[in-house]
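A short worksheet on the structure shown next.
The values are calculated or read from the model by the stated rules, or taken from the named source; none is laboratory data. In this text, all values refer to a predicted model and were calculated from it rather than measured experimentally. Cβ placement follows ideal geometry from the backbone for every residue including glycine, while neighbour counts extend to all protein chains displayed. Areas reflect the complete protein model, heavy atoms only, side chains present, ligands, DNA and RNA absent. Shrake-Rupley method; radii C 1.70, N 1.55, O 1.52, S 1.80 Å.
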Amino acid sequence: MNVATEPVLAVQGLTTGFDTARGRLVAVNDLSFSLARGETLAIVGESGCGKSVAALSIMRLLETPPALILGGTIRFAGRDLAQADEATMSGLRGAKLSMIFQEPMTALNPSMKVGLQIAEPLMRHRGLTREAALARAVEMLDLVRIPEAARRAEDYPHRMSGGMRQRVMIAMALACEPDLLIADEPTTALDVTIQAQVLEILRALQARMGAAVILITHDLGVVAEVADRVVVMYAGHKVEEADVASLFARPRHPYTHGLMRSVPRVNAPGRASGGRVRLPEIAGIVPALDQRPPGCPFVPRCPLASARCAEMPPLAEHSPGHWAACWHSDAVGQAAGAGHA
């Protein structure tokens, strides 16, 4: 493979489970994708679909036991992270791969000033002195657009708003200019104005540093705005993958189509006349790990389900780079295309 096109991250067949009192339960099943330098891949799906477990598997942050990587490879920086020991992972985390967690208030140390929290990975991985690392921490706070960065570096997390704490997390994650950044619901619980600012900061810093980004989200508006490609997960499986334009123009899996239809639209039929429009919904919920049906896991909620769906459909390429795992993908594509016409 040409070095210029070699992926930063290549996940192949990742399967992660948990040993529980109910037996071994699989949360991520045979997940594969790759990510190039400077590219943003969004992983979408409802809560319980395996998005965060996949991310924590890549970072090797799941507690073992009960968590186990049951199969697959995670190729990064010439290594298979699925087989790496903790010493290797400790050297990579924060330096070459970083993660922004959903809730910054629980991810940040409440007893440590934010400037020192940003400086720590710089001292550990870059060998900077405390003074130099703190100076760089102030620079990072300035880059994420926190006013009076030098003064705010002396604050504790509780003295900052949710939006500012999230910016601190971004500054900490990118301080060592990692090759891979995983952002797990980075705009959850933020109002739309702050959300837009956080996304713009992430985009600007990614362009500046060239990092590959995995964005985990349930917000398709965010996906449309910032992602290059999308992986749709349901009940631990990848059910669809495509570039953003193709996915939004013609989804090929009924789950993806359902997610698209549930997004509020200002131009929905009936809205122009001032009428009330009921938002389409996907009936039911994601099945628990020990209650997943045989075959396609979406069957209990799928309007197109048939007897054939008792057999798990293969992930098939329907157009260049557009993959879906559904026996009825052609019908889904036609319905979606008609809806966009």
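Annotations for the structure displayed:
- Rg and Dmax of segment 49-123, Cα atoms only, in Å: 13.9, 40
- At 0.890 mPa s and 25 °C, Stokes diffusion of segment 184-304 via Kirkwood alpha-carbon radius, µm² per second: 148
- Stretchable slack from R208 to M105, in nm (0.36 nm times residue separation minus alpha-carbon distance): 34.4 nm
- Cα-Cα pairs of segment 41-82 separated by more than 13 Å (percent): 59
- Debye intensity ratio I(q)/I(0), log10, segment 120-191, q values 0.14, 0.15, 0.26 Å⁻¹ (C-alpha model): -0.44, -0.51, -1.28
- Efficiency of FRET between D243 and D191 - r from beta-carbon atoms, R0 41 angstrom, step 0.05: 0.90
- The orientation-averaged projection of the convex hull spanning the C-alpha atoms of segment 12-162 amounts to 11.0 square nanometres.
- Residue of M233, M99, M160 that the Gaussian network model of the chain assigns the largest fluctuation, springs spanning Cα pairs under 10 Å: M160
- Computed helical MRE - 222 nm, the chain, DSSP H runs ≥ 4 contributing -39500 (n - 2.57), nearest 500: -9500 deg cm²/dmol
- Using distinct alpha-carbon pairs, which all enter the 1/r mean, Kirkwood radius of the chain in Å: 21.4
- Of the complete DSSP H runs in the chain, those spanning 24 angstrom or more by Cα along the long axis with a mean Kyte-Doolittle score not below 0.5 are 192-209.
- Mean separation of Cα contacts under 8 Å, 6 or more apart, over the residue count of the chain: relative contact order %: 19
- Residues A224 and S34, FRET efficiency given R0 of 30 Å [Cβ-Cβ distance, rounded to 0.05]: 0.85
- Sorted largest first, extent of segment 1-96 alpha carbons per principal axis (Å): 47, 32, 22
- Here the accessible area of the chain is 53 percent carbon and sulfur, with a 1.4 angstrom probe and all protein chains present.
- Kirkwood hydrodynamic radius of segment 167-249, from the reciprocal of the average inverse Cα-Cα distance over all distinct pairs: 13.7 Å.
- Å² per residue, accessible surface of the chain at 1.4 Å: 47
- Computed E for R126/R276 - FRET, C-beta separation, R0 45 angstrom, nearest 0.05: 0.20
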